[in-house]
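The values are calculated or read from the model by the stated rules, or taken from the named source; none is laboratory data. Keep in mind that what you see is a predicted model, and the values were worked out from it rather than measured. Using ideal geometry, Cβ is built from the backbone for each residue, glycine included, and neighbour counts are taken over all protein chains shown. For the accessible areas, the whole protein counts, side chains as well, though only heavy atoms, and no ligand, DNA or RNA atoms are used. Shrake-Rupley method; radii C 1.70, N 1.55, O 1.52, S 1.80 Å.
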Amino acid sequence: MKKLIKLENGEYAISAEYTEQDNPDYRGNPLIEALPPMLSVDEAYEQLRYLPEYDKRENNLSVQYRYHALLRLTRFYQPLEQTLTLEARFSGLLRSGYMYRNPQNKSHAETLIEMHRRLEKKEPIGLPPDIRKTASSLSIIGFSGMGKSSAIERILSLYPKVIIHKYPLNIMQIPWLKLNCPNDGSPKTLCLDFITKIDEALGTNYFKQGHKRESLSYLIIYIGQLARAHCLGVLVIDEIQHMLTAKSEVSSSMMNFLVTLVNEIGIPIVLIGTTKAKRLLQVNFRQARRAGGHGELIWEQMKMDDNWEVLLSRMWTYQWTKEKVELTKEWMELIHDQSQGIVDIAVKLFMLAQSYAMEEGYDKISPNMIKIVGEKYLKMLQPMLKALREGRLEDIVRYDDITPFDIEDFLLQRETPINMRERISKEKEKIAEKRQQKDLSVLQIVTLTLMNLDINDKLAEMTAKKIIKENKEITPQEAVQAALTLINERMASKKAIDNNSKNKRSSNIILKIVDNGRKERKSAHDSLVGKGLIIAPLLDNKLF
């Protein structure tokens with residue numbers, strides 16, 4: 001189990017643990033040996049996907065509960081073939097970028113000293129050829145809403161943000177850093193964002209040291225020094241199409257800056273943007289692709305094939321309407337046509353159809369609902385979807401920057417038809433929504449925990465609501481304990497008081513769990529962890 005170290009900003013880093021590498025190019029390099037192991041395709045698939053909590057008994061709960069349960073679908077993630085391709089490319093990009101940046105080599109310290117000297121004298125930056133030749137870049141191009149950013153964020157989550165190397169290295173390694181290209185396309189703004197992100201990751205205060213007024217050439221040398229000192233593995237820059245909105249000289253300056261990062265500082269870069277940025281990257285960034293082999297990844301919409309069936313089969317589980325509909329070929333064809341194979345839109349249509357059914361009082365979704373919510377709530381996307389459907393590529397680019405709305409905010413705003421409550425004022429409405437959102441998250445956790453303890457679903461929800469209503473600040477764990485106590489008291493009141501210890505023990509749910517566990521030769525602790533009543537150390541997949 002990885003040892004965690006608390007940083008000054010309250011975040012946690014992991015203590016470096018070194019694994020000997022099979023690849024001779026990686027062997028003996030602590031920056032690579034401290035990374036998580038390289039994954040097979042099957043391992044990557046399992047670690048990248050995320051399937052939210054779901055219990056079929058929730059379909060019997062109140063419409064308010066089920067409406068909010070829909071929000072779990074926003075966390076649903078199913079890796080695709082191109083996701084696995086990106087994972088493999090990123091893994092290679094990260095490790096190859098570290099090949100000639102071994103902190104155990106004398107050249108590492110010499111490079112830092114030289115960069116500091118150039119920084120003080122404000123001289124142009126430049127690095128030895130052996131460092132430059134391992135730096136490379138990868139571009140990910142595709143329409144908005146295709147899942148490019150979601151994919152890279154899932155892949156980044158496989159790697160720690162910070163790794164602490166103790167004596168004799170004494171290094172705080174940053175495997176990756178992700179920035180968004182500034183709206184004005186300014187390289188200086190990007191440099192300052194870089195410094196801010198370093199501070200957020202490490203708890204340092206580099207930004208406060210007064211670099212805001214420095215020139216761009218100075219900032220480039222400075223971030224180069226930071227990147228080398230903290231052994232930055234890969235720099236990810238999203239929304240690169242923002243450069244197109246800047247003036248030509250600013251855009252050119254940004255591209256030169258990115259080329260400098262790769263060629264002079266030696267840091268691999270991943271650039272993410274819409275198809276509008278494709279020509280810009282191909283023409284202006286080709287000189288930065290020294291290492292080759294990573295190149296460009298076109299993020300296309302899904303086809304109506306086995307991958308689409310796998311995606312929808314997983315997603316189809318998450319139906320919170322009273323009745324579930326079976327996934328058929330007709331459904332798959334309909335969702336594909338209405339979303340044109342864009343995963344983000346497909347998930348939103350599925351969620352919106354369920355919310356529409358609940359609002360209108362229907363027990364299940366229908367094909368017509370998919371069309372209704374698409375036309376009503378995804379109206380801005382319809383021209384782009386029509387262009388995709390008809391294969392008019394020249395028109396598709398016109399709608400390239402249309403971004404689907406935030407589905408979570410949308411569903412929360414449409415909560416009023418479900419709750420049927422009047423708000424006295426806008427201020428009170430905001431306060432109530434925030435409080436209710438918090439209460440509902442606790443309500444779902446407590447209800448699901450009680451249901452997992454084989455308590456009747458109606459009784460579980462009713463008891464959870466009562467406990468939370470009486471104490472708005474109660475934590476989920478406290479609420480479960482209070483709910484179990486209340487249920488036990490109700491059970492006891494229905495039975496005659498029996499002084500027999502065996503009978504007393506059998507009426508207590510917690511003791512029942514412990515007793516049943518002992519029959520299976522489990523400790524009391526393991527039995528309670530298995531039912532989700534207490535937390536296993538360092539596990540984050542429990543309800544609390």
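Observations, loosely collected:
- Residue within region 389-407 that is surrounded by 15 or more Cβ atoms within 10 Å (Cβ to Cβ), modelled with pLDDT under 55 and part of a helix (DSSP H, G or I) present: yes
- In region 440-471, residue modelled with the lowest pLDDT [restricted to those that are farther than 17 Å from R490 by Cα and touching a Ser or Thr at 6+ places or on another chain (Cβ under 9 Å)]: V442
- Counted residues, region 438-481 - those being over 18 Å from V529 (Cβ atoms) and open to solvent by less than 30 Å² (accessible area, probe 1.4 Å): 16
A quick yes/no check of all residues on (1) within 18 Å of G233 (Cα to Cα); (2) in a loop (DSSP other than H, G, I, E, B):
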site	(1), (2)
K2	no, yes
G10	no, yes
Y18	yes, yes
D22	no, yes
R27	yes, yes
L35	yes, yes
M38	yes, yes
E43	no, no
E53	no, yes
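- E123 being acidic (D, E), farther than 30 Å from P24 by Cβ, out of contact with any strand residue (DSSP E or B) (no Cβ under 7 Å at 6 or more places or on another chain) and modelled with pLDDT of 75 or more: no
- When L349 is tested against the conditions (1) in a helix (DSSP H, G or I); (2) modelled with pLDDT under 95; (3) touching a Ser or Thr at 6+ places or on another chain (Cβ under 8 Å), the lone failure is (2).
- Residue check for K3: farther than 19 Å from H230 by Cα, open to solvent by 40 Å² or more (accessible area, probe 1.4 Å), more than 18 Å from the chain's Cα centre (by Cα) and not small (G, A, S): yes
- Residue satisfying condition, being open to solvent by less than 10 Å² (accessible area, probe 1.4 Å), among the hydrophobic types (A, V, I, L, M, F, W, C) and in contact with a His (Cβ under 7 Å, 6 or more places away or on another chain), within set I265, I223, I240, I174: I174
- Residue check, E58 charged (D, E, K, R), modelled with pLDDT of 90 or more and over 20 Å from Y356 (Cα atoms): no
- Scanning region 127-150 turns up no residue that is touching a helix residue (DSSP H, G or I) at 6+ places or on another chain (Cβ under 7 Å), at pLDDT 85 or above, on the phi < 0 side of the Ramachandran plot and surrounded by fewer than 19 Cβ atoms within 10 Å (Cβ to Cβ).
- Of all residues making up region 489-516, the number that are modelled with pLDDT under 70, of a type in the set (S, T, N, Q) and part of a helix (DSSP H, G or I): 3
- The set of residues in region 333-346 being closer than 15 Å to E390 by Cβ and not in a helix (DSSP H, G or I) consists of Q340, G341.
- The residue of region 212-235 that is modelled with the lowest pLDDT, among those that are more than 20 Å from E114 (Cβ to Cβ) and in contact with a helix residue (DSSP H, G or I) (Cβ under 6 Å, 6 or more places away or on another chain), is L216.
- Region 55-72: number of residues that are outside any helix (DSSP H, G or I) and in contact with a Pro (Cβ under 8 Å, 6 or more places away or on another chain): 0
- Highlighted here would be strands (runs of 3 or more DSSP E) found entirely within region 153-209 that include at least 2 residues which are without any contact (Cβ under 8 Å) to a residue 24 or more places away in the chain and under 24 Å from the mean Cα position of the chain (by Cα), but there are none.
- Top-ranked residue of region 37-54 - restricted to ones that are surrounded by 15 or more Cβ atoms within 10 Å (Cβ to Cβ) and more than 18 Å from the chain's Cα centre (by Cα), ranked as farthest from R95 (Cα to Cα): Y54
- When region 73-106 is filtered for residues that are within 29 Å of G341 (Cα to Cα), in a helix (DSSP H, G or I) and open to solvent by less than 30 Å² (accessible area, probe 1.4 Å), the ones remaining, listed by number, are L73, T83, L86, E87, F90, S91, G92, L93.
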